[in-house]
1. Out of 44, 2, I need the residue that is touching a residue at least 24 places away in the same chain (Cβ under 8 Å) and within 19 Å of residue 74 (Cα to Cα). Which one?
2. Looking only at residues in region 10-58 that are among the β-branched types (Val, Ile, Thr) and closer than 14 Å to residue 70 by Cα, which one is farthest from the chain's Cα centre (by Cα)?
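Every read-out reported here was derived from the displayed coordinates using simple, explicitly stated rules and does not represent laboratory data. Values in this document were obtained by computation on a predicted structure and should not be read as measured data. Cβ sites come from the backbone with ideal geometry, for glycine too, and all protein chains shown count toward neighbours.
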Amino acid sequence: MVWSEKENLQYKKIRKRELGPLYAMKGIPLDNPEARAEYLAEKVLNLQMTDHDVIMRMANKEGRAIALKFLEDMVIEKFF
């Protein structure tokens, strides 16, 4: 599902700029938050089904931009 313009703008305000080089290295542009979330969840964090469920519940309750920021926070805490 493609993110709405409102969701993209919300994400651009709260995104973690520290991960910009990681996304650039993988060729994932700023205007593709879906690819960013997928990459972090599946390749970087290697989340299990239970973890995915928690993230999806957060996305449904608080919005996808907030859920992606949570993933980015997890990556920063784990690797930086």
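1. One residue alone meets the criteria, 44.
2. 54
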